[in-house]
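Everything on this sheet refers to the single structure shown next.
Bear in mind these aren't lab numbers, they're just calculated from the coordinates by the rules spelled out. Please read these numbers as outputs of a predicted model, since none were measured by experiment. Cβ placement follows ideal geometry from the backbone for every residue including glycine, while neighbour counts extend to all protein chains displayed.
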Amino acid sequence: MARYELVKRSVALITLTNPPVNALSSVVRHGITETIERARGDPKVTAVVICGENGKFCGGADIREFAGPMRGPPLVPMLDVIEAVEKPVVAAIEGVALGGGCELALACHYRIAHSKAHVGLPEVTLGLLPAAGGTQRLPRLIGIPAALDLITTGRHVSAQEALKLGIVDQVTEQNACEVAVEFALRAVATALSSRRLSMRTTPSLPNLDALFEAVTMQVQKKARGVMAPLACIQAVRAAATMPYSQGMKRESELMATLFNSGQARALQYCFFAQRTTGKWTLPSGAQWNNSKPRDIRSIAVIGLGTMGRGIAVSLARVGISVIAVETEKKLLETGRQMVVGMLERDAKRRGVTASLNLLKFTLSLQDLKDVDLVIEAVFEDMKLKESIFKELSKVCRPGTLLCTNTSGLDVDALAGVTDRPHLVAGMHFFSPAHVMKLLEVVCGPRSSSETIATVMSLGKRIGKVSVAVGNCPGFVGNRMLKPYLDQASFLLEEGATPEQVDKALEEFGFAMGCFRMSDLAGLDVGWRVRKESGLTGPDVDRNYPPRRRHGHRYCPIPDMICEQGRMGQKTGRGWYMYDKPGSTDAKPDPLIQSLLEVYRSRYGIQPRNISSQEIIERCLFALANEGFRILEDGIAARPEDIDVIYLFGYGFPRHRGGPMFNASMVGLQRVLERLEHYQQTHPDVPHLEPSPLLKKLVACGSPPIQKWGEHIKKMYSHL
Ligand code: COA
């Protein structure tokens, strides 16, 4: 809807009213069309101001409408009409002017922004381009390089930056709407022709070809295989080389290609999936909207290793008091220096003062008696964690929440050693914790809904994408990683090289293939877990037939690599070789090649040529298959939660939507058939056996991912 009122006797004030972000739904477009017509035709009206209700100008096109047929007046002619109005039209931007909202503002003759407002053209992040003239008007207003930057990255810019770039005419600390009304009254006397961006020519530049070539290369490197940024470049190129009307035609053609692509669907799915994760449920029926989070002011972080340091920084930089605990003076001092340095660098980057006064460092758990919440981030050792949790039970006041940053240990077992199992939860941060956005919030069977609500809300406060998951070894992310990495190792046995597997995964869209990723993360972590699970050891001994453990196929190559001291980037050798320890430049290592050859001949394996298709199918379908089991087990509440975990924690390419969405796009029938095929060829790999849920979904006609929930049996839920 759009509200119409006459203010100051001659200004038509049009207010977009479509909470929460005043998206340009068909009803709103109707409203704008009608009210603009009314303002045009009313002789009393000398100027027009467009603003949005509740302090938000407009969050852009209504993304929910993209799935259905187009209804209501189209945006492009509506904006052309606004631009052509013979009375000054001023956009009063409060909150956000994004996407179509920004394009609406660009069609107005003037733009006034509140100092806290943000503007931008984020369509590229949804697999699209700004197709209501954004790619044609913005370059005419701010020049090609700045427009290319904004349109190809989709980044939001502050009001101050928008003023510098020339996107807005004035920034105000006051009510932008009132300022805009005064501004509009003054503008009545000024000619409008130069204010119509479609009538302007794009500022010319020397070496245009070189600029476009450089930006194209940059974009291709950063967003491998992603279509939208390249289409954005082509559209801006049209603004630089064609008259406005032809540029608009090009914009619309490029948009049509993107709009119907799987990538746009995947990226829009990601947008909503990310927002769904906050709406968690527990078996008790407790939900995100009926469990009130507690107020958390002070938090203790136990252990100042890599994880603890990152967690302390994440908390302090949003104004939470932190008490950091270590066991030895030297470790405490090193930890303090690192945390302070990280906070200072972070503050400098954000142009704020580092909140160092919020930090305290101690060697004594006794100092934690008054904190609201504890995050234990010590070494991944159950005995050590148990002893800390027992001690915390004694020291902390009865209401203190006790959380563990474990990447896969039993959170309920830890809860069991405390005097308050209902106040215990897992907080699985990803390394480096102050950078990575994902937080798995692990709900034990005894965690109360208030505890989960508190931890979820804390996650949001520190800027994380928090996903509530159930308690099982590895939770969601690391549990799914095992079958994925197993397949990659089996492919090496059968004839592939690490580079070949990585290349296939990187062509699919991963920033790094799994072997490069393992080198980055360090190979010793997984090795330790395998040792503790009794999987490692000589490959041929009386307990284990060759290449089998616990009755299933097992590939000992990763253990052999670790036995040689090759722990990845940090040792300068891993699946690849590096110039020096810590270097990131991975080069294929002939020693790995010969290790694989010796290994294969030892076991009489005839290496075969393995296609990229097989690599992708075996790795990704095994991954999704475990995801289906996780849904069956109630460890994740929805496929969206699994996808968000993989997008934010494991570098899954966003334009593929996540492992579960990708499976739905490939077609569940096809995923099932390929898993059945690979299971027949590798009957000793249980992860390749299609999950009952996958079979059930196929039997029900492969419903869209949003409908899977209706088919998931809720017999046993950990959430
Ligand atoms: N169309 C439809 N729904 C939208 C929307 C849009 N353009 N923008 C936001 N929403 C919805 C969200 O899905 C969410 O719905 P929910 O409450 O049912 O989950 C609600 O509005 C609030 O959004 P949220 O992102 O949680 O709020 P925020 O205050 O953190 O951020 C924005 C607000 C506008 C910055 C953010 O929502 C955003 O970036 N929106 C997309 C803007 C965009 O890309 N526009 C171009 C469209 S082509």
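Values for this structure:
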item: Phi to ³J(HN,Hα) by Karplus 6.51 cos²θ - 1.76 cosθ + 1.60 over the stretch 671-685, Hz, x for Gly, Pro; result: 4, 4, 4, 5, 4, 4, 4, 5, 5, 5, 6, 10, x, 8, 10
item: Acute angle (nearest 10 degrees) that the helix 144-153 long axis makes with the longest principal axis of the chain, alpha-carbon atoms; result: 50 degrees
item: Residue exposure sequence - W708, W575, W280, W527 - by fewest surrounding Cβ within 10 Å; result: W527, W708, W280, W575
item: Relative packing of peptides 6-13, 546-553, 85-92, 130-137 - highest average C-beta neighbours within 10 Å first; result: 130-137, 85-92, 6-13, 546-553
item: Relative contact order, percent, the stretch 496-602 [alpha-carbon distance under 8 Å, six or more residues apart]; result: 21 percent
item: Which of A176, A162, P206, positive extreme of dipole for the stretch 142-206 (C-beta unit charges); result: P206
item: Difference of contour (0.36 nm per residue) and Cα-Cα distance, K437 to K348; result: 30.0 nm
item: Distance in nm between pseudo-label sites at T334 and H30 (7 Å out along the Cβ direction from Cα); result: 6.7 nm
item: Full-stretch length increase - E5, A191 - with 0.36 nm per residue and alpha-carbon distance subtracted; result: 64.5 nm
item: The chain - percent relative contact order, Cα under 8 Å, separation 6 or more; result: 9 percent
item: Shape of the stretch 427-477, Cα gyration tensor, a/c cut at 1.5; result: oblate
item: 10 Å-binned pair-distance histogram of the stretch 596-637 (Cα, whole percent); result: 24, 26, 28, 17, 5
item: Selection from P590, Q564, P74 lying farthest towards where the dipole of the chain points positive, charges on Cβ; result: P74
item: Translational diffusion coefficient (Stokes-Einstein; Kirkwood radius from C-alpha pairs) of the stretch 230-322 at 25 °C, 0.890 mPa s, in µm²/s; result: 132 µm²/s
item: Coil-residue trypsin sites (Lys or Arg not before Pro) of the stretch 23-94, DSSP, other Cβ within 10 Å capped at 14; result: K44, R71
item: Subset of K329/K383; K437/K503; K360/K460; K116/K707 violating a 30 Å alpha-carbon distance limit; result: K116/K707
item: Sorted by Cβ neighbour density within 10 Å, fewest at the top, the residues S393, S601; result: S601, S393
item: Dipole in debye (nearest 20) - the stretch 612-711, about Cα centre, beta carbon charges: Lys, Arg +1; Asp, Glu -1; result: 280 debye
item: Extension gain, S245 back to D295 (0.36 nm per residue minus Cα-Cα distance, nm); result: 12.4 nm
item: Centroid-to-centroid separation of the stretch 559-624 and the stretch 268-340 [C-alpha atoms, Å]; result: 35 Å
item: Angle in degrees between helix 26-41 and the longest Cα principal axis of the chain, rounded to the nearest 10; result: 20 degrees
item: Sequence of D381, D641, D209 once ranked by neighbouring C-beta atoms within 10 Å, starting from the fewest; result: D209, D381, D641
item: Tilt relative to the chain, helix 612-632 - C-alpha long axis, 0 to 90 degrees, to 10; result: 90 degrees
